[in-house]
């Protein structure tokens, strides 16, 4: 698996829009848009920010960012949260590839493992953009150059849709499906998809 591929996708898409927007706002030149945390900002951290929910089938990540433009602060925080989520998913995918290798008995470089790895990466990359901003809080902070906005956000990602698509891709490849279908890993994936269907009443 090519490490940091998903992170690159998120960062490139997000940074492109932020750079374009930032270039159009040269009035912020000279401002410190990443100030050290003050006692005020630390004291104003929303209660939900450090207490992410635990909900089966969902993943959460939170981040904060600042800007002299309110929407820019939000966009930067969302991008940071999405990048953090992507990093966590890459770590999980690496672990799943190792499990697939152990449970199928296939060695590194085999067709089955390479196919599982690339299919998993492709599916997650396509589905990661489907996160939603579940919590958001915007606050004003003192600044030597004027008003500075700090945004706190938490994003939510339903992993069930990605699991469903991944299973469909595995089943469409006979060699991969034959090697995977009797593993505990595949059984767990099917259980997650069933839970996803029950949550959303989907066939």
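Here segment 65-183 is described by how far its Cα atoms reach on the three principal axes: 62, 23, 16 Å, from widest to narrowest. For the listed peptides 145-152, 60-67, a ranking on the average number of other beta carbons within 10 Å per residue, highest first, reads 60-67, 145-152. For the pair segment 130-163 and segment 67-120, the centres of their Cα atoms are 21 angstrom apart.
Along its first, second and third principal axes, ordered by size, segment 138-203 spans 64, 27, 19 Å in Cα coordinates.
Read the figures in this text as sums done on the coordinates, not as results from a lab. Note that the structure is predicted; figures quoted are calculated from it, not measured. Cβ sites come from the backbone with ideal geometry, for glycine too, and all protein chains shown count toward neighbours.
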